[in-house]
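Inspection log for the structure reproduced underneath, given as structure tokens.
The values are calculated or read from the model by the stated rules, or taken from the named source; none is laboratory data. From a predicted model like this one, the values you see are computed outputs, not experimental measurements. Cβ sites come from the backbone with ideal geometry, for glycine too, and all protein chains shown count toward neighbours. Side chains are part of the model used for accessible areas, which takes the heavy atoms of the whole protein and leaves out ligands, DNA and RNA. Shrake-Rupley method; radii C 1.70, N 1.55, O 1.52, S 1.80 Å.
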Amino acid sequence: MAEAQNIPAGSTTAGSIAVAAESTVATRMSAPPSFDVADFPVPHGREEEWRFTPLERLRGLHDGTAVATGGVKVAVEAPEGVTVETVGRDDARLGRAGTPVDRVAAQAYTSFEQASVVTVPKETVLTEPIRIAVHGEGGTAYGHQVVELGAFAEAVVVINHTGDAVLAANVDYVVGDGAKLTVVSVQDWDDTAVHVGQHNALVGRDASFKSVVVTFGGDVVRLHPRIAYAGPGGEAELFGLYFTDKGQHQEHRLLVDHNTPHCKSNAVYKGALQGDGAHAVWIGDVLIQAKAEGTDTYEMNRNLVLTDGARVDSVPNLEIETGEIVGAGHASATGRFDDEQLFYLQSRGIPAEEARRLVVRGFFAELVQQIGLPDVEARLLDKIETELKASV
């Protein structure tokens, strides 16, 4: 089934752990969300959530001056038994997984005309992935997508972003009780593209959600994955791989809201950077609410700086409102090549450039293996090779 619609060398790391005496309605990690653009002031770059983002390169997505011109096409290929629909703004299934948390996400929600809704019926176990292609043809667009799994269903979804576009979009994942959903989102845009997106996942009782976010292309890519739980026993795994090249800005801002008892989360993001002006930002926020007893969570970010002129900002945060948890921790590390690894490989007759590629492939290997689709894994490894050769 298919359906289409238009629509300077250095690094910094920081972390914090805040233990609150009582639950608060709105914290720095959980700012009041809203579907109304007017509830969010126009950012100027001094705000905590925007201080790393080059606003002048968002082409008006942040201040309301970006006018939708089309030029973005969405095509969905799904196995038999999966329902694919194009719906209007009044569809009740839209916005259930999460509410916009910044002005761009709110603008996207109020500006899209049609949304894609992909539904996997309860107890359906798919043996082939659902593939969603988002291709830009030079225009500006606002979009919305929904992927919903019924109870005890299992599915893998691959979303490929290609071409040139200025796109602000929200994606909702609704995972029913006991269901299992794996999503692979690949940002392989042209170098001139701008992509700002919020990914909302609502994980049901005893359900599991795995997200693998891969970012290569684009002038500016700013993604905001968010996790919330609809019942106890839910598990979420957030994996990310990014390769930031000369002049690119790639920003990933995670929020895991442990709002339900006895749930788990694990986040691992890795990035490599090369070239003047390459800038990667990783913000990992985990909020454990007072009612979320029995939480088990961990987050890690690692970055490999391949050349001078690249910059990393890595900020893991934990906000804990209860002491009745299984575990909570975070880690962040940024560094250059391990000279001992390179020396070891070269001492066994491996040329320097080949040794360099082997080290980077090994750095990303554990994340690529999380995908579980040989064709996608091979494509990503080839892309990593291409990026490395470009720097030689």
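Details
- With respect to the conditions (1) over 21 Å from Val186 (Cβ atoms); (2) open to solvent by 60 Å² or more (accessible area, probe 1.4 Å), Glu77 lacks only one, and its number is (1).
- Looking only at region 135-166, and only at residues there that are under 17 Å from the mean Cα position of the chain (by Cα) and open to solvent by less than 10 Å² (accessible area, probe 1.4 Å), the one that is nearest to Val67 (Cα to Cα): Gly143
- Residue in region 112-127 that is touching a Leu at 6+ places or on another chain (Cβ under 7 Å), under 15 Å from Thr86 (Cβ atoms) and of a type outside the set (Ser, Thr, Tyr) present: yes
- Test: residue in region 241-255 that is touching a Pro at 6+ places or on another chain (Cβ under 6 Å) and either assigned to a loop (DSSP other than H, G, I, E, B) or among the aliphatic types (A, V, I, L, M) (or both): yes
- The residues of region 249-288 that are open to solvent by 10 Å² or more (accessible area, probe 1.4 Å) and either more than 23 Å from Lys210 (Cβ to Cβ) or touching a Cys at 6+ places or on another chain (Cβ under 6 Å) (or both), listed by number, are Gly275, Asp276, Gly277, His279.
- Flag for Ala169 being buried (at least 24 other Cβ atoms within 10 Å of the Cβ) and touching a helix residue (DSSP H, G or I) at 6+ places or on another chain (Cβ under 9 Å): yes
- Residue count, region 337-361 (criterion: under 24 Å from the mean Cα position of the chain (by Cα) and open to solvent by 50 Å² or more (accessible area, probe 1.4 Å)): 1
- Residues that are in a strand (DSSP E or B), over 19 Å from Lys210 (Cβ atoms) and open to solvent by 10 Å² or more (accessible area, probe 1.4 Å) within region 120-134 comprise just one, Ala133.
- Selection status of Val212, hydrophobic (A, V, I, L, M, F, W, C), within 28 Å of Ala278 (Cα to Cα), in contact with a helix residue (DSSP H, G or I) (Cβ under 8 Å, 6 or more places away or on another chain) and surrounded by 23 or more Cβ atoms within 10 Å (Cβ to Cβ): yes
- Whether a residue is open to solvent by less than 50 Å² (accessible area, probe 1.4 Å) and out of contact with any Leu (no Cβ under 9 Å at 6 or more places or on another chain) was assessed, and Glu366 does not pass this test.
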